[in-house]
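Structure record follows, encoded as structure tokens.
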Amino acid sequence: MKQSFLKLLRWDFLLLHRNNLVVLALAIATVYFGIFKLLEPLGDLRSMLLILVFNDPVVTGLMFAGVIMLFEKNQHTLQAIGVSPRPVWHFLLSKVISLSLLATFSALLMNLAAIGWRFNWFHFVAGVFFTSALFAMAGIYYGNKSRDFTGFLVSIMGLILISALPFLSYFGLIPGIYMLWLPQYAGMLLLKAAYFPVSIPELIYAYAYLLICLLYAWKQILKNLKLA
Amino acid sequence: MLEARHLRFQYPGSEETTLFGLNFDVAQGEIFGFLGPSGSGKSTTQKILYKLLRGYKGEARFKGKDLDKWDESFYRHIGVSFELPNHYGKLSALENLEFFASFYPGKTRDPLELLASVGLENDAGKRVSEYSKGMKMRLNFVRALLHDPEFLFLDEPTSGLDPNYARMIKRIILDLKRKGTSIFLTTHNMTDADELCDRVALLHRGNIITTDRPASLKLRHGKREVCVENEEGIIRRFPLDGLGENTGFTEFLNSGQVRTIHSEEASLEDVFIQLTGEKLV
């Protein structure tokens, strides 16, 4: 079981690579890497880094997952997977994990360029990985529902706008308490905890709420996935 | 192997019923043709039978067990070749087969051998996006055979193929039947149905209007006549019954060179038109 899931994950990475998505993710990370290296003399880059790093899993998760689902739909491969003995959730989980690993790797690359090794690894990896997984699930959900890329972009507009709301709290414009319902806020809190002190109750909230949202999103995509 | 009893289906949100209580069964080693025009319910029936559509009424059983009670292991027993190609364009044909083979526990057939069986051995390493429609259809077909299933669903297996490859695929289908594989063949190609199927069901607006052997249907709905045309282009028809003693027939044969002579049984297309008043395609 574990072996065959690892095989599936390997196939997903090959598909990401053949669709040029690995190159694209690494290219974006490299551009940021260069920018941070240039900005290094300006001093503490952590505040700016948090915003950019938070956006990366959003893009990698949401956009890449959506594009992949559209590819799958256009090539009618979902039907073929649906009539194989491999449970469909394996296939979905492999997509979510491969994209989240890619997002985590590119976010780490940016982070190392900007501030080196001075951050909390655990919160950082958890923040990026969980946020990316959540947005990958959203990408799968909307990609599966959309007819084409334009339709997909229209359907995720609202989600992208909502994802920017936690920044209002981050810049002190709105108290954080109003953002607690947003899983994006929980993800941002984990990233914040990678660089700055965050209270224990906030951390407990962030981990618990992200996990609850991940479970909810997972159930939704399993329930609503259309194979045919 | 496969039975459907009073199979009914209505798409969620639709007011129209798509299938109105279908009854049929497919025996082991049988090729069962499911014929009907677009919109008759062929695809819906197939999707129910390979469990991509839920919410049907009536009974559908595979190997005596309700479809609802089968888990993913059901798919180890069946193979599906869809009407439209479904492959990853960025992977080669060989990689596609290896990818899908990885879904099955245990040993699967050699992908290269399968590709060779449909004339794709020299294009095994080529990306599927560079394949023609015919090549994709052949790849579709062999993918369904990867795990050596005992039951095959084939949807228009010769669609988009040139006559040589269509013949190749039909030969493989008949070989599989000889080995005991049961086949549910959906097509609107009457020649394929006639050549391949042991029995056919004619589907019209969600109802099966008749099920029988193609030969029986053609005989039952054809004219018991023979049609003779001579070199002068004169055509005469004679009843098949008592043809040997029919002096008009023997005189016509002796009156000049015979150009053609045919018995007048119906084609499956004719049968469908007679029974429904509509064309198949």
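With neighbours defined as other Cβ atoms within 10 Å of a residue's Cβ, the residues A:154, B:128 order from fewest to most as A:154, B:128.
Each Cα pair under 8 Å and six or more residues apart adds its separation to the average, and for chain A the resulting relative contact order is 27 percent. Here's the picture: charge each Lys and Arg Cβ at +1 and each Asp and Glu Cβ at -1 in the protein assembly as shown, and of B:21, A:179, A:33 the one pushed furthest to the positive end of that dipole is A:179.
With the convex hull drawn over the C-alpha atoms of chain A, the volume per residue is 127 Å³.
Each 5 Å bin from 0 upward holds the following percent of the Cα-Cα pairs of segment A:147-228: 3, 13, 18, 22, 17, 12, 9, 5, 2, 0.
Phi angles across segment B:186-201 convert, under the Karplus curve 6.51 cos²θ - 1.76 cosθ + 1.60 with θ = phi - 60°, into 3J(HN,Hα) values of 9, 7, 10, 8, 5, 5, 4, 4, 5, 6, 9, 8, 6, 9, 10, 10 Hz, Gly and Pro given as x. Our compactness index for chain B, the C-alpha radius of gyration over the empirical 2.2 N^0.38 Å, is 1.19. For segment A:93-164, the calculated P(r), taken from all Cα-Cα distances in 10 Å bins from zero up to the bin holding the longest distance, is 19, 39, 30, 11, 1 percent. Just so you know, the averaged projected area of the alpha carbon convex hull for segment A:5-73 sits at 5.6 nm².
Taking one quarter of the surface of the convex hull spanned by the alpha-carbon atoms of segment A:91-134 gives a direction-averaged projected area of 2.8 nm².
Give me the log10 of I(q) over I(0) for segment B:103-194 at q = 0.13 Å⁻¹, as the Debye formula computes it from C-alpha points; what are the numbers? Relative scattering, expressed as log10 I(q)/I(0), comes to -0.43.
Sorted largest first, the principal axis extents computed over the alpha-carbon atoms of segment A:56-184 equal 49, 31, 23 Å. At a Förster radius of 51 Å, what calculated FRET efficiency corresponds to the Cβ-Cβ distance of residue B:219 and residue A:208, to the nearest 0.05? Efficiency at R0 = 51 Å is approximately 0.10.
Ordering of B:188-195, B:91-98, B:231-238, B:105-112 by packing is B:91-98, B:188-195, B:105-112, B:231-238, highest average first (other Cβ atoms within 10 Å, averaged per residue).
The alpha carbon convex hull volume per residue for the protein assembly as shown rounds to 190 Å³. Distant-in-sequence amide contacts of residue B:33, defined by a placed amide H-H separation under 5 Å and a gap of 5 or more residues or a different chain, comprise B:185, B:198, B:199, B:200, B:201.
Dimensions of segment B:1-143 along the principal axes, based on C-alpha atoms and rounded to the nearest Å, stand at 47, 32, 27, largest first. Here the relative contact order of segment B:61-144, from alpha carbon pairs under 8 Å that lie six or more residues apart, stands at 40 percent. Note on chain A: helix-only mean residue ellipticity at 222 nm, from DSSP H runs of 4+ residues weighted -39500 (n - 2.57) and normalised by residue number, equals -26500 deg cm²/dmol. What relative contact order, as a whole-number percentage, does chain B give when Cα pairs under 8 Å and 6 or more residues apart are counted? Contact order relative to length: 22 percent. When only alpha carbons are used to place a centre, segment A:145-159 and segment A:35-67 end up 23 Å from one another. A cut-off under 14 angstrom between Cβ atoms defines the neighbours of residue A:99, and their net charge, with Lys, Arg +1 and Asp, Glu -1, is -2. Taking every residue in B:81-87 and counting other chain Cβ atoms within 10 Å of its Cβ, the average works out to 4. Shown in residue order for segment A:58-66 are the 3J(HN,Hα) couplings computed by the Karplus curve 6.51 cos²θ - 1.76 cosθ + 1.60 at θ = phi - 60°: 5, 5, 4, x, 5, 5, 5, 5, x Hz (x for Gly and Pro). Shown here is the pair-distance distribution of segment B:202-244: with all Cα-Cα distances grouped in 5 Å bins from zero up to the longest one, the shares run 5, 17, 16, 16, 14, 11, 10, 8, 4, 1 percent.
Our Cα-only numbers for segment B:28-79 put the radius of gyration and Dmax at 12.0, 32 Å. Legend: mean number of C-beta atoms from other chains within 10 angstrom of residue C-beta atoms, peptide B:66-72, equals 1.
Other residues whose C-beta falls under 13 angstrom from the C-beta of residue B:269 contribute a net charge of -3, scoring Lys and Arg +1 and Asp and Glu -1. The 3J(HN,Hα) values that the Karplus relation (6.51, -1.76, 1.60; θ = phi - 60°) gives for segment B:103-115 are, in residue order, 7, 9, x, x, 7, 10, 6, 5, x, 5, 5, 5, 4 Hz. Gly and Pro appear as x.
With all pairs of different C-alpha atoms in the average, the Kirkwood value for the hydrodynamic radius of segment B:170-281 is 16.4 Å.
Net charge in the neighbourhood of residue B:229 (other residues with Cβ under 12 Å of its Cβ; Lys, Arg +1, Asp, Glu -1) is +1. Each peptide in B:9-18, A:128-137 was scored by the mean count of other Cβ atoms within 10 Å over its residues; highest first, the order is A:128-137, B:9-18.
Partner shielding of A:70-80 amounts to 5, given as the average count of beta-carbon atoms from other chains within 10 Å of each residue beta-carbon.
Only the coordinates and a few stated rules stand behind these numbers; no lab work does. Everything numeric here is computed off the predicted structure, so don't read it as measured data. In this analysis, Cβ positions are derived from the backbone assuming ideal geometry, glycine residues included, and neighbour counts consider all displayed protein chains.
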